[in-house]
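Have a look at the structure below, then the notes.
The values are calculated or read from the model by the stated rules, or taken from the named source; none is laboratory data. If you're wondering where the values come from, they're calculated on a predicted model, not measured in any experiment. Cβ coordinates were reconstructed from backbone atoms using ideal geometry, including for glycine residues, and neighbour counts include every protein chain displayed.
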Amino acid sequence: MSQEVIGATTANLPSSIARGRNRLNQVTTAHLSAHNAGPVDNEQIVRRAYQVAEDKDLEGWVSAFTEDGTFTDESIGVTYRGSKELPITVEVYARAFPDMHRELYQFYGSGDIVVVQLALQGTHLGPLSLPFGTLPATGKRMDAPCCDVFELVGGKIKRFDCYPSGTVLFTQLGVIANISAALES
């Protein structure tokens, strides 16, 4: 666990929140030390998966998952399964946000479960395909909080549930400000 990243994130927080996060840090570090993930470090597996996604390496992305592995984008309620569907999420977000970056703040682990606090960052320069339509490029930047939950089996991702803050993301892209256009009177 990277203490410099933790320090960087608490520096900008109100003191009471920073103290709470530092305490959580101490507890989490002790917990992770007491529960060794085994010969392969689960945090490193997850970090590699994020890097593969940022590199837009679709083959590498698929190979990070078990054969029956799933990725669920909880903000839109869509689950991707198998080698045909798993690359879709990387393709969609790479097209919409060519400079997509996942700023990783905190890792928590217990056994085969890894939870990550992060921010999804990027500039909306291409169409964003969603189940309910396509959002044309806005040219706006997003920096949206997210929480990801991974279940790992045999050094691979069996289940990846992504909980991005859709309201923050769509507000930053200017969609929420124009929600009246989407509502019926």
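At least 2 residues that are in contact with a strand residue (DSSP E or B) (Cβ under 6 Å, 6 or more places away or on another chain) and modelled with pLDDT under 95 in each: list the strands (runs of 3 or more DSSP E) lying fully within region 93-174 that qualify. Before the answer, list the steps.
Values: elements: 101-110, 113-123, 128-130, 133-135, 141-153, 156-164.
No strands (runs of 3 or more DSSP E) qualify here.
Going through THR72, THR79, THR134, THR138 one at a time, which residue ends up being in contact (Cβ under 8 Å) with a residue 40 or more places away in the chain and of a type outside the set (Asp, Glu)? Walk me through how you get there before you give the answer.
Working: THR79 fails: in contact (Cβ under 8 Å) with a residue 40 or more places away in the chain; THR134 fails: in contact (Cβ under 8 Å) with a residue 40 or more places away in the chain; THR138 fails: in contact (Cβ under 8 Å) with a residue 40 or more places away in the chain.
Within the list THR72, THR79, THR134, THR138, the selection yields THR72.
Within region 39-61, can one find any residue that is more than 18 Å from CYS146 (Cα to Cα), surrounded by 16 or more Cβ atoms within 10 Å (Cβ to Cβ) and touching a residue at least 40 places away in the same chain (Cβ under 8 Å)?
yes
What number goes with the only condition from (1) surrounded by 15 or more Cβ atoms within 10 Å (Cβ to Cβ); (2) within 20 Å of the chain's Cα centre (by Cα) that VAL153 does not pass?
(1)
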